[in-house]
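The values are calculated or read from the model by the stated rules, or taken from the named source; none is laboratory data. Please read all numbers here as calculations on a predicted model, not as lab measurements. Here the Cβ positions follow ideal geometry from the backbone for every residue, glycine too, while neighbour counts run over all protein chains shown. Just the protein is used for accessible areas: all its heavy atoms, side chains included, with ligands, DNA and RNA removed. Shrake-Rupley method; radii C 1.70, N 1.55, O 1.52, S 1.80 Å.
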Amino acid sequence: MNNRFQILALDGGGIKGLFSAAVLAFLEEDLHVNISDHFDLITGTSTGGIIALGLALGMKARELVEFYVCKGPEIFSPSCLSSVKHLIKSKYGSAPLESALQECFKNKRLADSQKRLVIPSYNIGDDSVYLFKTPHHERLRRDYKVPVWKVARATCAAPTYFPAFAGVDNVRLIDGGVWANNPSIVGITEAVSLLDVPLEHIYLLNLGTTNEVKAYPSQLDTAGCLKWCRAAVNIIMRGQSVGAYTQAQHLIGRDRVERLDPKVPDGLFALDKLSTEALLGKAAHESRHFCPRFKELFGGHVAPKYIPSYQYMGEETC
């Protein structure tokens, strides 16, 4: 197992990240492990980015569950005007989200990560992909100085839900889910292109945030903008996630890729719908069945200690 390189990829999904965090928490408690110890690289988009950052800083998954349970109602505070406002501006303000992230991550910077990280965002000013990365290669000399809460805020800036974030070098950043809601390929690409890991050494765990079973009416086949505007977002986000998973299977082999993204009834959960008990119950059920598979496929590998590249270059982190 010395040649193994294990990647944890965490999908976006708003408050449904509670499901992902809870699955990991149950696995940690059942197996008496730290999930992050078993992965050489962690990548996460949007809510998955929050979880990835927390794990990489040494937080237990149960602490992240508490973050969602305690801070979710503040971040997605309901309002009788929110649906109307949503038609013309961001549905939620940024202040509660930023306050929650600052409280969670305090003064930590990406330099404090104990794991290699890749966190997707998108630069709408330059219409370009934007990736936050730990200094796991000598050419990565800037991102490690960025406060962790700002990285989380940037990757969570879901269009129409939260305003864009310009707190990093005045770059207008939005949710990485617009191009990599499932960051599995992001992780594989980083491992191969920057870390020179052969494809045959890579094992991937991809954790979704539940998959709604939707039935799209045949009228949609010839519909215009009005009928498509609501369905399009769900189809695009779902298509991204399924496509990334399928590509990962083709690249590294079906036997080395595992995705946990259980089907749920349409309307049960939503990006900003607070369904704490139901999400925790679903996570308890799914983790119970997945635990033996995790132990079999991923549990035998303990990742070597990650050493930031700036330590090799003699650079200071402060």
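Of the conditions (1) part of a loop (DSSP other than H, G, I, E, B); (2) in contact (Cβ under 8 Å) with a residue 12 or more places away in the chain, Thr43 satisfies every one except a single condition; which number is it?
So the condition that Thr43 fails would be (1).
One line per residue, one yes/no per condition, for (1) at pLDDT 95 or above; (2) outside any loop (DSSP other than H, G, I, E, B); (3) in contact with an Asp or Glu (Cβ under 9 Å, 6 or more places away or on another chain); (4) farther than 28 Å from Arg238 by Cα:
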residue: Leu27; (1), (2), (3), (4): yes, yes, no, no
residue: Ala52; (1), (2), (3), (4): yes, yes, no, no
residue: Glu98; (1), (2), (3), (4): yes, yes, no, no
residue: Asn107; (1), (2), (3), (4): yes, no, no, yes
residue: Asp126; (1), (2), (3), (4): yes, no, no, no
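Does segment 295-317 hold any residues that are of a type outside the set (S, T, N, Q), open to solvent by 30 Å² or more (accessible area, probe 1.4 Å) and modelled with pLDDT under 85, and which are they?
Within segment 295-317, Tyr312, Met313, Gly314, Glu315, Glu316 meet the criteria.
Of everything in segment 195-232 that's in a loop (DSSP other than H, G, I, E, B) and crowded, with 16+ Cβ neighbours inside 10 Å, which residue is modelled with the lowest pLDDT? Outline the logic, then answer.
Narrowing segment 195-232 to residues in a loop (DSSP other than H, G, I, E, B): 195-198, 208-210, 214-217, 223-224.
If we keep only those that are crowded, with 16+ Cβ neighbours inside 10 Å too, we end up with 197, 208-210.
Numbers: Val197: 97, Gly208: 93, Thr209: 91, Thr210: 85.
Only one residue tops the list, namely Thr210.
Of all residues in segment 90-136 being free of Cβ contacts under 8 Å to residues at least 40 places away in the same chain and hydroxyl-bearing (Ser, Thr, Tyr), which is most open to solvent (accessible area, probe 1.4 Å)?
That would be Ser99.
Every residue, every condition in (1) within 17 Å of Leu205 (Cβ to Cβ); (2) among the aromatic types (Phe, Trp, Tyr); (3) at pLDDT 95 or above, yes or no:
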{"site": "Leu10", "(1), (2), (3)": "yes, no, yes"}
{"site": "Ile15", "(1), (2), (3)": "no, no, no"}
{"site": "Ala21", "(1), (2), (3)": "yes, no, yes"}
{"site": "Leu57", "(1), (2), (3)": "no, no, yes"}
{"site": "Ser77", "(1), (2), (3)": "no, no, no"}
{"site": "Ser82", "(1), (2), (3)": "no, no, no"}
{"site": "Lys115", "(1), (2), (3)": "yes, no, yes"}
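Go through segment 137-172 and report how many residues are of a type outside the set (Lys, Arg), within 29 Å of Val192 (Cα to Cα) and open to solvent by 50 Å² or more (accessible area, probe 1.4 Å).
Result for segment 137-172: 3.
Can you confirm whether Ser46 is among the hydroxyl-bearing types (Ser, Thr, Tyr), farther than 24 Å from Val233 by Cβ and within 17 Å of the chain's Cα centre (by Cα)?
no
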